[in-house]
Amino acid sequence: MDIKENLRVINENISKACESVDRDPEEVTVIAVTKYVSTDRAKAAIDAGVMNLGENRMDGLLQKQQVLRDEATWHFIGSLQSRKVKEVIEDIDMLHSLDRKSLAKEVNKRRNQPLSCFVQVNISKEETKHGLMPDEVMDFIKMLEVYENIRVVGLMTMAPHTEEEEKLRAVFRKLRALRDDIQNQKLPHAPCEYLSMGMSNDYEIAIEEGATHIRIGTSLVGNETNGGDKR
Ligand SMILES: *Cc1c(COP(=O)(O)O)cnc(C)c1O
């Protein structure tokens, strides 16, 4: 599976999705999620022109950074245990999974300069998913004002595993409405302009609903953990 070709297809799909809703493709950042692949494969993604890498585990992030630290912008997209924060927090550029006060407190304490964070929201209210309930988000974000090293740049969600387009669309739409509410508060510590939503199976819909950061693993770099280059 050739990453260059995958990226070409994805960029084409991004352009089409943007065109259909009159958006500028420049507003959409592609994050290559490398959690299922080797450091070599992550390097191949960078060589193909990807500038943003996403990892959901600390070990995977640190391993790849031994080789690629200065070659990409690093996104942490998985849940982060508070006691592990000190081991990675200076090594990431954006955190997509801020979902509790204890984590915010620890990040604030361990970071030496402000970190761009997405607050994770459990829009679909699935019990297995991380994230705040939608009605908790506003108070949570207001509370973050006291943490000088936390900057809320946007909201993040994981959509449910479904092929039903309308269900997916409804989830993305709700996240966007919530983002708009927060943005309208004009909180200095929470400009909240971004939406991190959309993965391999649903990124075009997410873009139509306003995604600014799409997190693509399988259909960009593949999955080496389930028998090769499967999509
Ligand atoms: C794995 C993962 C992705 C990418 O998933 P694909 O379906 O392989 O594109 C995106 N976001 C998060 C939070 C993930 O854990």
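The values are calculated or read from the model by the stated rules, or taken from the named source; none is laboratory data. The model shown is predicted, which means the values in this text are computed figures rather than measured ones. No Cβ is skipped: glycine too gets one built from the backbone with ideal geometry, and neighbour counts run over all protein chains shown. We work out accessible area using only protein heavy atoms, side chains counted, and drop any ligands, DNA or RNA first. Shrake-Rupley method; radii C 1.70, N 1.55, O 1.52, S 1.80 Å.
Here are some notes:
- Residues of type lysines that Lys125 reaches as a straight line, Cα spacing below 28 Å, ignoring anything fewer than 8 places off in the same chain: Lys35, Lys84, Lys101, Lys105, Lys142, Lys167, Lys174, Lys186
- Extension gain, Asp139-Lys174: 0.36 nm per intervening residue step, less the Cα-Cα distance, totals 10.9 nm.
- Among Pro114, Pro188, Pro160: highest mean-square fluctuation, GNM of the chain, C-alpha pairs under 10 Å: Pro188
- Relative contact order for the chain, counting Cα pairs under 8 Å that sit 6 or more residues apart, in percent: 22
- Segment Glu87-Glu126, length gained on full extension (0.36 nm per residue, minus Cα span): 11.1 nm
- ³J(HN,Hα) computed for each position of region 64-81 - Karplus, 6.51 cos²θ - 1.76 cosθ + 1.60, integer Hz, glycine/proline x: 5, 5, 4, 9, 10, 2, 8, 9, 8, 8, 10, 10, 9, 10, x, 6, 10, 6
- Which of Asp91, Asp70, Asp47 is most accessible, then next, and so on - probe 1.4 Å: Asp70, Asp47, Asp91
- Net +/- balance of residues flanking Thr212 in space, Cβ distance below 12 Å, scoring K and R +1, D and E -1: -1
- Remark: the Lys101-Ser15 segment gains 27.2 nm on full extension, using 0.36 nm per residue and subtracting the alpha carbon distance.
- Shape summary: the chain maps onto an equivalent ellipsoid whose semi-axes, from the alpha-carbon gyration tensor, are 26, 23, 15 Å in decreasing order.
- Most positive-pole-ward Cα, Ile182, Ile205, Asn6, against dipole of region 3-219 from beta carbon charges: Ile182
- Once both labels are positioned 7 Å from their Cα atoms along Cα-to-Cβ, the gap between Asn201 and Gln183 label points is 2.8 nm.
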